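Inspection log for the structure reproduced underneath, given as structure tokens.
The values are calculated or read from the model by the stated rules, or taken from the named source; none is laboratory data. Keep in mind that what you see is a predicted model, and the values were worked out from it rather than measured. Neighbour counts are summed over all protein chains in view; Cβ atoms, including those assigned to glycine, are modelled from backbone coordinates with ideal geometry. We work out accessible area using only protein heavy atoms, side chains counted, and drop any ligands, DNA or RNA first. Shrake-Rupley method; radii C 1.70, N 1.55, O 1.52, S 1.80 Å.
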Amino acid sequence: MLDLSRLRALHAVSVHGTIGAAAAALGYTPSAVSQQIAKLERETRTTLLERQGRGVRLTEEARQLAATGQELLAIVERAETDLEERRGLPSGRLTIAAFASAARGLMPGVLADLARRHPALDTRLSEVDPHLSVDLVAKAAVDMAVAHDWDIAPLPAPPGVEQALIGEDVCDILVPAGHPLAARDAVRREDLKHERWVCQPPGRVCHDWLMRTMRAAGCEPDIVHQAEENPTLIALVAAGLGIALIPRLGRGPLPEGVVEVRLEPLPVRRLYALWRTGAARRPAIIETVRTLREFWPSAERRP
């Protein structure tokens, strides 16, 4: 009989691509994941992983077994949801993927409140780009995601995934204190045609929004510096190296030498919680969504 924990390890490798990433997602060590898959290979008398450079790739048999494992994990999830619903209290493990500024500006308070009020609930947070987190929910790699979208790039919810709006996060233009725009109360997109930008790399939601928006205003944005984290972008602005569009969530107080200017029309991004339809009745999901919405106003107001 196939061992469910070993199927879970194989499924995690198929979703995350490497043994190390799968181990991080499961809360195991890489050696533990390797041992689980080695045991599964012996049980099935099948080669499941093949070396590819410094990594591994799944064989065709492994991909088929991982797909079957996903179906079995979904059945287990429904059974666990039924039991938790009958108890009526949030309990068990709940894995959450959240993008960086939500992980910094919203989730600490939410997780601390859940831990205080529901000691039987074991929440686990991972910082994941919103482009990836929705797929992780759909593939049952995590239980819930906190993701965001922009008005020009709506967040798609694939079949079998439900979503709830948490709130809207306002974004501002940040400029060096000596910049000509620093004295303005507000600017329009057309005013930014000749600016030098610091921005996240291509493929990130904020980068895509900037490119589409400025192109719609009739210019190609000149992105001179790229960085993953908003604090790094703000530091580049403070050094006078460009301007940036930065959401308020998780931003923190601005350092000396950086000025916030309102952009009109006002850009906002929408925050969502997403989970699988099969777990929608789970008290842990329901309570976490409620807590996210409860904590959002204070996170939204935080500078």
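Values computed for the structure shown
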{"quantity": "Residues of the range 74-108 satisfying the condition of being more than 22 Å from Val134 (Cα to Cα), among the small types (Gly, Ala, Ser) and not in a helix (DSSP H, G or I)", "calculated": "Gly88, Ser91"}
{"quantity": "Check on Ser31, without any contact (Cβ under 8 Å) to a residue 12 or more places away in the chain and assigned to a helix (DSSP H, G or I)", "calculated": "yes"}
{"quantity": "Output for the range 188-204, where each listed residue is over 21 Å from Pro255 (Cα atoms) and open to solvent by less than 20 Å² (accessible area, probe 1.4 Å)", "calculated": "Leu192"}
{"quantity": "Test result for Glu80, without any contact (Cβ under 8 Å) to a residue 12 or more places away in the chain and more than 30 Å from Cys206 (Cα to Cα)", "calculated": "no"}
{"quantity": "Residue list for the range 212-238, restricted to those being in a helix (DSSP H, G or I), modelled with pLDDT of 90 or more and open to solvent by 20 Å² or more (accessible area, probe 1.4 Å)", "calculated": "Pro231, Thr232, Ala235, Leu236, Ala238"}
{"quantity": "Matching residues in the range 153-192 - criterion: being within 19 Å of the chain's Cα centre (by Cα) and of a type in the set (A, V, I, L, M)", "calculated": "Ala153, Leu155, Ala157, Val161, Ala164, Leu165, Ile166, Val170"}
{"quantity": "Some residue of the range 239-253 being open to solvent by 60 Å² or more (accessible area, probe 1.4 Å) and farther than 22 Å from Phe99 by Cα", "calculated": "yes"}
{"quantity": "Tally, over the range 1-28, of residues that are under 17 Å from Arg93 (Cβ atoms) and without any contact (Cβ under 8 Å) to a residue 12 or more places away in the chain", "calculated": "1"}
{"quantity": "Only one of Arg188, Arg204 that is of a type outside the set (Ser, Thr, Tyr), touching a residue at least 12 places away in the same chain (Cβ under 8 Å) and farther than 27 Å from Ala102 by Cβ", "calculated": "Arg188"}
{"quantity": "Counted residues, the range 239-259 - those being modelled with pLDDT of 95 or more and not in a loop (DSSP other than H, G, I, E, B)", "calculated": "4"}
{"quantity": "Neighbours by Cβ (under 7 Å, 6+ apart or cross-chain): first from the range 261-284, in contact (Cβ under 8 Å) with a residue 24 or more places away in the chain and open to solvent by less than 40 Å² (accessible area, probe 1.4 Å); second of a type outside the set (A, V, I, L, M, F, W, C) and part of a loop (DSSP other than H, G, I, E, B)", "calculated": "Val261/Arg184; Trp275/Asp143; Arg276/Gly160; Ala279/Asp143; Pro283/Gly88; Pro283/Pro90; Ala284/Pro90; Ala284/Ser91"}
{"quantity": "Lone qualifier among Val146, Val175 - being under 30 Å from Thr123 (Cα atoms) and open to solvent by less than 10 Å² (accessible area, probe 1.4 Å)", "calculated": "Val146"}
{"quantity": "Hits in the range 58-107 (condition: within 22 Å of the chain's Cα centre (by Cα) and open to solvent by 70 Å² or more (accessible area, probe 1.4 Å))", "calculated": "Arg93, Arg104"}
{"quantity": "Single condition Val268 does not satisfy, out of (1) at negative phi; (2) touching a helix residue (DSSP H, G or I) at 6+ places or on another chain (Cβ under 7 Å)", "calculated": "(2)"}
{"quantity": "Residue tally, condition among the polar types (S, T, N, Q) and either within 22 Å of Val261 (Cα to Cα) or part of a loop (DSSP other than H, G, I, E, B) (or both), over the range 152-192", "calculated": "0"}
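Okay, residues lined up against (1) more than 27 Å from Arg270 (Cβ to Cβ); (2) touching a helix residue (DSSP H, G or I) at 6+ places or on another chain (Cβ under 6 Å):
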| residue | (1), (2) |
| --- | --- |
| Asp82 | yes, no |
| Arg104 | no, no |
| Pro108 | no, no |
| Ala112 | no, no |
| Ser133 | no, no |
| Met144 | no, no |
| Asp151 | no, no |
| Ile166 | no, yes |
